[in-house]
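Just below is one structure, and these are the notes that go with it.
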Amino acid sequence: MSILQSIMETAAQFLPDKKPDVMKAEQETHVGHARTRVDGPAKVRGEARFTAEFQIENLAHAVLVHGTIAKGKISKLETEEARRAPGVLAVITHENVPKMKAPPSVDLSNMGKGFALSNLPIMQSAEMHWDGEPVAVVVAETLEQAEHAAHLVRAEYKVESADVSFEGMKPKAVMPHDVLGEPPEITIGDVEKGMAEGDVRIEHVYRTPRYNHNAIEPHATIASWNEDGSVEVFDATQSVNMTAHTIAWVFGLKRDQVQVVAPFVGGGFGGKVGLWNNIALCIAAAKVVNRPVKLALSREGVYRVIGGRTIAEQHVGLAARKDGKLTALMHTGMTATVLSGRYAEQCTFPPRHLYASPTMYIGQKVVYLDTVANTWMRAPGESIGTFALESAMDELAHELRMDPIELRKINEPEKDPTKNHPFSSRKLVEAYRRGAEKFGWSARKAEPRSQRDGKWLVGQGVATAYYPFMRFPAKARLRICIDGTAVVQIPAAEMGMGTATVQIQHAADRLGLHAHQVSFQYGDSRLPDTPVMAGGSNQTATIFAAVHAAVDEAIGELLKLANKRADSPLKGANAEEVEARDGGLFRAKAPEQGETYAGILQKTGVPFVEVETSSAMPLETMKYSMASYGAQFCQVRVHEETGEVRVSRWLGSFDCGTIVNPKTATSQLRGGIIMGIGMALSEETLFDERRGRIMNPSLSEYHVPVNLDVPHIEIIYNDIPDEHAPSGARGIGEIGITGVAASIANAVFNATGKRVRDLPITLDKLM
Ligand code: MOS
């Protein structure tokens, strides 16, 4: 069975007649209501298969051999022993790998053409560019045979001196051309003067380490070439169509010769966007052995070939008058990247949008290192940026002897401080008010070290969460069928967020159907080719806008059909005069006059109406400052003798526009907060600054939070629609992690009187 056939079987459960009955027929409207995930039953039953779990006939297994130098040349590759090992089909090196074009770089104005976070050619020469870069791919009949043979490959190198030390390269830091399309530097007024004018000022350096991606599902690919020269790829990706474009580019194929499918992805967080070496090498291996090949990265493999979050050093200076009004805000950041990727992580974005200050200096620099390309990782920029800025705000509040929430309220801007645009909807102060009330903030003692429970020092902290709104123009296909059901098709990615569920809710409401009458097809690049991805917290809004456009067009088509009949109660009606409800279209001013979709189609003998429609450019983001906001409240307990930090309470109060599905949204935000707890307290990529090698590429040595590290997390919402966002909803995927590390650092200070400005907050820093 081909990959596409097997995948179709998995996806078929979302067709109307096979969809699990988790959306009840009696549930009439959907947006704003908690709904169980449509993919839930398949996942708990183990029926939802992830890439590495797929078995297809004649499948061979590939394993990567990673290089062990940061820079230089392979001088000798000993592969004979591996080639002769049992079950081995091929050992692929730069000497016999198929020709591949270097992947295109990220182009923010044209993401749809595909991209990689590094434009280095993939295993095309003896040149080595980072420690961990693949030097060989071993393909064998079984995974065990491939793993065994991979250990038999020996490489020798001519080592060249590499730039791997962030500390060492700091003097060579440069200002990047841009930071995600924005200027790296912003100056408002005279910030030196502003600093001098403050009655109180603080200036500190905040450091965050490298972090690595640890999605529960490691990256995996299955590739299968067809006789006609086309290739089918099953890949754990956050964007099937962008990946298809990138593969087509790299292998010199036409876009329609590449099909990528991914019905379920076990988390991505930014690490599964763009083409990484493993994907291209799996496809190349399938070509060499002329069989379908599976390449599932080991956990270590993810650390070696997939980028993570950059190391960063940020400098924040704040000055304020006695009444708390800021007179100056300085925020500079230095991050690491690679020359082949040039992704300057946007750590200085939060200060551009959060506080009113008459003077500001915001600037970013980068150092270029010989490492794997850094990449997006949940709220890239904002997560580390809010750690620095929101720690600094807490430090300023302490110096002012002012409540930190009050300080933020006093400096709440009326319009965007650097863009000067009005806010589309910003109810951050309300989120603070509701959060403080629910958390019981007024009971907190401002004086550090004033609450204890035996040997445990107790403290509370708060910080602002912030993530910008993004939307991309996209195309959806909508089919309304003669039986009154509807199908929405768009090549979206479902990596566990609840995408299919909320899209069914939304489309059902727009069409006036029951949710069980709507199916949502995604995760397949044969759907309309449109640049949609699960990234930048954009996907929900992006698809909503596409569905709005498609529903409007479909209504027009249905009215044309109705108009063909003299007896139609909709005769002569135009789109503005009708509303979609009760399974059809009805005149807004004469509610009893209308017809069901099934009725219109049956009476005209047309089996279905199908439209493919694009949404408009996201002009709203050019006219308004649009973002999701929140207030992260926490309580920590710090052991007086050991310095152990336990997070004992959490409340996130969010302002993200309409909450489409409180059940899945709460789950998303909790996930972000848990990832933030890891960032604050335990996660850290240990990196050998001399050799450029990651030293802890495993879950036993890179500590992600486990159940016992996480308290009950309460989430509340303003749930105030943003009239400039499609159906009122802004993004929720990434904001959860923002503000978390600062909230914890602030709580640790409140508990102990010790300010830690260097993540993670491990016990040695509190002793
Ligand atoms: Mo997110 S870091 O844009 O997947």
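Data for the structure
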quantity	calculated
Lysine-lysine proximity count for the stretch 215-343, Cα under 26 Å, sequence distance 8 or more or distinct chains	5
Beta bridges by DSSP in the chain, antiparallel share as percent, to the nearest 5	80
Straight-distance crosslink candidates among lysines, where the alpha carbon sits under 25 Å from K560 and sequence neighbours closer than 8 are dropped	K475, K571, K589, K603
The stretch 95-188: GluC sites (Glu not before Pro) falling in loop per DSSP and having at most 11 other Cβ within 10 Å	none
Cα-based shape type of the stretch 32-175, given that a ≥ b ≥ c are square roots of the gyration tensor eigenvalues and the cut on a/c is 1.5	oblate
Percentage relative contact order, the chain, counting C-alpha pairs under 8 Å, at least six apart	17
Whole-percent carbon and sulfur share, accessible surface of the chain, 1.4 Å	51
Share, in percent, of DSSP beta bridges within the stretch 615-767 that are antiparallel, nearest 5	70
Rel. contact order, % - alpha carbon contacts under 8 angstrom, at least six apart, the stretch 99-166	20
Three-way shape call for the chain based on the alpha-carbon gyration tensor, with the a/c threshold at 1.5	oblate
Å² per residue, accessible surface of the chain at 1.4 Å	37
Cut-off under 5 Å, modelled amide H: who pairs with T327 long-range	A319, A320, R321
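The values are calculated or read from the model by the stated rules, or taken from the named source; none is laboratory data. Just so you know, these numbers come straight off a predicted model, no measurement behind them. Quick reminder, even Gly has a Cβ in these numbers, built from the backbone with ideal geometry, and neighbours come from all protein chains shown. These area figures cover heavy atoms from the full protein model, side chains too; ligands, DNA and RNA do not enter into them. Shrake-Rupley method; radii C 1.70, N 1.55, O 1.52, S 1.80 Å.
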